[in-house]
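Q: This is the structure I have questions about; it appears just below.
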Amino acid sequence: MTSIETIRHSLSHILAAAVQELYPGTKFGMGPAIEDGFYYDFKLSENLTPEALPKIEKRMKEIIRRGIAFKKKIIAKSEAKKIFKNQPYKLEIIKDLPGSKITIYESGTFIDLCKGPHVKSSKEITEGSFKLKKIAGAYWKGSEKNAMLTRIYGIAFEDKKHLEEHLKKEAEAEKRDHRILGQKLELFLFDEEVGAGLPLWQPKGATLRKTIEDYLYRELISQGYQWLVTPHIGKLDLWKTSGHWELYRENMYSPFGIDEEEYMLKPMNCPFHVKIYNSKIRSYKDLPVRYAELGTVYRYERSGVLHGLTRVRGFTQDDAHIICTPEQLSQEVTNLLKAGFKILKTFGFKDYEIYLSTRPEKYAGNSKEWEKATNVLKYALQKLKLKWQVDPRGGVFYGPKIDIKIKDSLGRPWQCTTIQIDFNLPERFNLTFIDRKGKKQRPFMVHRALLGSLERFIGVLIEHYAGAFPLWLSPVQVWIIPIGKKHEKYADQIGKELSAAGFRIEVKKENETLSKKIRNGEIQKIPYLLVVGDAEMKKKTVRVRERNKGDLGEIKIDKFIKSQKNC
Ligand SMILES: [Zn+2]
Ligand SMILES: [Zn+2]
């Protein structure tokens, strides 16, 4: 059976063939299969708008119906240069290809440089199994120094049914897009004058964030962590010692001068934590040391990859470093996993993908240490009876790691938790502890982030819940809606009682109808709307409307407060 990748790839040729027929003189870039579909890059003499897509799609269907064959030919490089003499991008590829022979494919009147594989005939492609999706600009070979080409994206599946399922899922994902919901619910915004990839947290978003921070603080302190706060910048020399300047520079911003010295925005918190550890002599009795910080770091991301809160240039990691004796490592990793799952569950995530990444080609430390540390990670996963996959050679250069991807309500995986053993920093910063025999020893160091970054995690939370957060996370938990002017005083009084009980509330005194206020409350995804009028005022009650459930009837206010133990 023809693989879906082969079909997707063949469709990219058919797309190019359709464009060739409709827009003579087009120069062709490249057209691979990608996840869920395919694309092709073109240099066109006119500007394409999305309105052109149905026309191109229609032509593709015509070409498919013609039943054209994909014919493979191996020709001399010199001949290829003749065939593609009017195709500058193809000539560039030919020039870069090794050897003297070139493989080309003919499909109808369209000829392309390609190794295949393709379908034998376009008839293998099911009618209605693909769709052109969008047009985007793309630099030739991905470099900003090159010409901007027009990229047409398509999606393709085994059959019409699978395509429709995908489109449905996509529409659902669109409704949950955190960038749109973030604006609608007034959680965060981006401002061109502030800069790309730098979110501004509005009051409601900042409240959500603070709720998460407070929960993390309480949870980690109860697990024996010590809280740290460290600066956003540090001297360039520090990053030279840590190795980041040497190995991580492409992700860092340029150094800047303060007085006569060079400083960097921090891309990581680790060196600061290490300095605090090294500020005094540590005995085995002091270990394990568990340092936690909500550390804001800055990493360079190209503007093209920035994406709402999930890909930003400044973000706050829920970072921690555990420094322990070799004997303690296994227990610490087990604890980390347990604590991680507990915290993720509190946020409503129950499905995970777990990866164990082993030694890459280039690595710090020696292979024996790596084996031992990898076994420690494996042992912890086994002990907790977790299912995991090995990501062979996927470790970072300084040590093996466990990564946990959480699955959201649409089943999409998001990289979240990471637990990494580090052989590099303890060496570079000469970390030691005094063992039982009074001898200096090198401790183990573990980096870990449970949520990853607050920005990314909140982006995922918004999409997971489609903005309808559980009560404890909702920035505004209760609206009190007075029916008329004369009920406002009573509404204020209810508001005071709820605030005193720890609820985040708003009293809605806007000059709007009751039904409009209720509708707005639903749009804003407020968990509870409490309506108060004559009857409620008289009986000292509220009329409760719960999100997604509607009217729950009248209830005494203290009874309502008691029924919400989560607050
Ligand atoms: Zn091909
Ligand atoms: Zn670290």
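Q: Sort the following peptides by mean Cβ neighbour count (other Cβ atoms within 10 Å, averaged over residues), highest first: 166-173, 363-370, 527-534. Let's see the in-between values first.
A: On the way: 166-173: 12.6, 363-370: 15.1, 527-534: 21.6.
Top to bottom by mean Cβ count within 10 Å: 527-534, 363-370, 166-173.
Q: Tell me whether region 114-204 comes out rounded, prolate or oblate; compute the Cα gyration tensor, take square roots of the eigenvalues as a ≥ b ≥ c, and use a/c under 1.5 as the rounded threshold.
A: Taking the square roots of the gyration eigenvalues as a ≥ b ≥ c, region 114-204 is oblate.
Q: Let me ask something else about it. Averaged over all directions, how much area does the convex hull of the C-alpha atoms of the chain cover when projected, in nm²? If you can, show how the numbers build up before the last one.
A: On the way: hull surface 139.3 nm².
Projected over every direction and averaged, the Cα hull of the chain covers 34.8 nm².
Q: Order by neighbour count: Ser3, Ser100, fewest other Cβ atoms within 10 Å first, most last. Before the final figure, lay out each step's value.
A: Numbers: Ser3 11, Ser100 8.
The most exposed by this proxy come first: Ser100, Ser3.
Q: Under the classification rounded if a/c is under 1.5, otherwise prolate if a/b is larger than b/c and oblate if not, where does region 482-567 fall, given a ≥ b ≥ c as square roots of the Cα gyration tensor eigenvalues? List each step's numbers first, then the result.
A: Values: a/c = 1.41, a/b = 1.09, b/c = 1.29.
It is rounded, given that a/c, with a ≥ b ≥ c, falls under 1.5.
Q: Suppose the chain between His162 and Phe256 were pulled fully straight at 0.36 nm per residue; how much longer would it get relative to their current alpha carbon spacing?
A: Details: separation 94, 0.36 × 94 = 33.84 nm, distance 5.29 nm.
My answer for the length gained is 28.5 nm.
Q: Give me P(r) over region 132-179, computed from all C-alpha to C-alpha distances, binned every 5 Å, as integer percentages.
A: Calculated P(r), rounded to whole percents: 5, 18, 15, 16, 16, 14, 11, 4, 0.
Q: I need the Kirkwood Rh of region 26-160: take the reciprocal of the average 1/r across all distinct C-alpha pairs and report it in angstrom. Please list the in-between numbers first.
A: Working: mean 1/r = 0.0621 Å⁻¹.
After inverting the pairwise mean of 1/r, the radius is 16.1 Å.
Q: Same structure again: Mind running the shape call on region 200-350? Use the C-alpha gyration tensor, a ≥ b ≥ c as the square roots of the eigenvalues: rounded below 1.5 for a/c, prolate if a/b tops b/c, oblate otherwise. Don't skip to the end; give the middle numbers.
A: Numbers: a/c = 1.93, a/b = 1.12, b/c = 1.72.
Note, shape of region 200-350 comes out oblate.
Q: Something else now. At a temperature of 37 °C and a viscosity of 0.692 mPa s, determine how fast region 48-105 diffuses translationally according to Stokes-Einstein, using the Kirkwood radius over alpha-carbon pairs as Rh; express D in µm²/s, rounded to the nearest whole number.
A: 237 µm²/s
Q: Please list the three semi-axes, largest first and in whole Å, of the ellipsoid equivalent to region 1-71, using sqrt of 5 times the eigenvalues of its alpha carbon gyration tensor. Intermediate results must be reported in sequence, preceding the final value.
A: Working: eigenvalues 83, 40, 27 Å².
Three semi-axes, in Å: 20, 14, 12.
Q: Take Lys372, project a point 7 Å from its Cα along the Cβ direction, then tell me which residues of region 403-444 have their backbone nitrogen under 19 Å from it.
A: 420-444
Q: Something else now. Going 7 Å from the Cα of Asp492 along its beta-carbon direction, which residues of region 519-558 have the amide nitrogen within less than 17 Å of the resulting point?
A: 532-533, 537
Q: Considering Cα pairs under 8 angstrom that are at least six residues apart, work out the relative contact order of region 296-386 and quote it in whole percent. Present the calculation step by step, with values, prior to reporting the outcome.
A: Details: 40 pairs, mean separation 25.9, N = 91.
About 28 percent, as a whole number.
Q: Please give the FRET efficiency for Ser121 paired with Asn146, using the beta carbon to beta carbon distance and R0 = 30 Å, rounded to the nearest 0.05.
A: Working: r = 35 Å, r/R0 = 1.17.
It comes to 0.30.
Q: Quick check of the Kirkwood formula: for region 366-522, what is the inverse mean of 1/r over all pairs of different Cα atoms, in Å?
A: Working: mean 1/r = 0.0482 Å⁻¹.
Mean inverse Cα-Cα distance, inverted, gives 20.8 Å.
Q: Take Ile434 and Ser3, extend 7 Å from each Cα along the Cα→Cβ direction, and tell me the distance between the two endpoints in nm.
A: Going by the 7 Å Cα→Cβ label model, 6.1 nm.
Q: If you don't mind, there's one more thing I want to ask. Based on the Cβ-Cβ distance from Leu247 to Arg519, what FRET efficiency comes out when R0 is 35 Å, to the nearest 0.05? Intermediate values should be presented prior to the final figure.
A: Numbers: r = 55 Å, r/R0 = 1.56.
It comes out at approximately 0.05.
Q: Which stretch or stretches of region 544-561 have amide N atoms under 11 Å from the point lying 7 Å from Ala535's Cα along the Cα→Cβ direction?
A: Backbone N within reach: 544, 553-555.
Q: Then there's this: Grab the DSSP H runs of the chain that are 4 residues or longer, score each as -39,500 (n - 2.57), total them, divide by all residues and round the 222 nm result to the nearest 500 deg cm²/dmol. Intermediate results must be reported in sequence, preceding the final value.
A: Numbers: 18 runs with 197 residues, N = 567.
Dividing the helical sum by the residues of the chain leaves -10500 deg cm²/dmol.
Q: Could you line up Met264, Met537 from fewest to most neighbouring Cβ atoms inside 10 Å?
A: By the 10 Å Cβ count, ascending: Met537, Met264.
Q: Right, something else. Across bins of 10 angstrom width beginning at 0, how are the C-alpha pair distances of region 152-236 distributed, in whole percent?
A: Result returned by the calculation: 13, 22, 26, 22, 13, 3.
Q: Set the Förster distance to 35 Å, then compute FRET efficiency between Lys71 and Ile354 from the Cβ-Cβ distance, nearest 0.05. Don't skip to the answer; put the middle values down first.
A: Details: r = 46 Å, r/R0 = 1.32.
Given R0 = 35 Å and the Cβ-Cβ separation, E is 0.15.
Q: Next question. Which net charge results for the neighbourhood of Ala173, defined as the other residues with beta-carbon distances under 11 angstrom from its beta-carbon, given Lys and Arg at +1 and Asp and Glu at -1?
A: On the way: positive: Lys168, Lys169, Lys175, Arg176, Arg412; negative: Glu170, Glu172, Glu174, Asp177, Asp408, Glu463.
Its environment carries a net charge of -1.
Q: Related question: Going by C-beta contacts inside 10 Å, put His232, His244, His178 in order with the fewest on the left.
A: On the way: His232 13, His244 19, His178 24.
Sorted ascending by nearby Cβ count, the order is His232, His244, His178.
Q: Could you sort the peptides 135-147, 200-212 by per-residue average Cβ neighbour count (10 Å cutoff), highest mean leading? Let's see the in-between values first.
A: Numbers: 135-147: 13.2, 200-212: 17.0.
Result, highest mean first: 200-212, 135-147.
Throughout, read-outs are computed from the coordinates displayed, never taken from laboratory work. It should be emphasised that the depicted structure is a prediction, and the values quoted were computed from it without experimental measurement. All Cβ positions, even for glycine, are placed from backbone atoms using ideal geometry, and neighbour counts span all protein chains on display.
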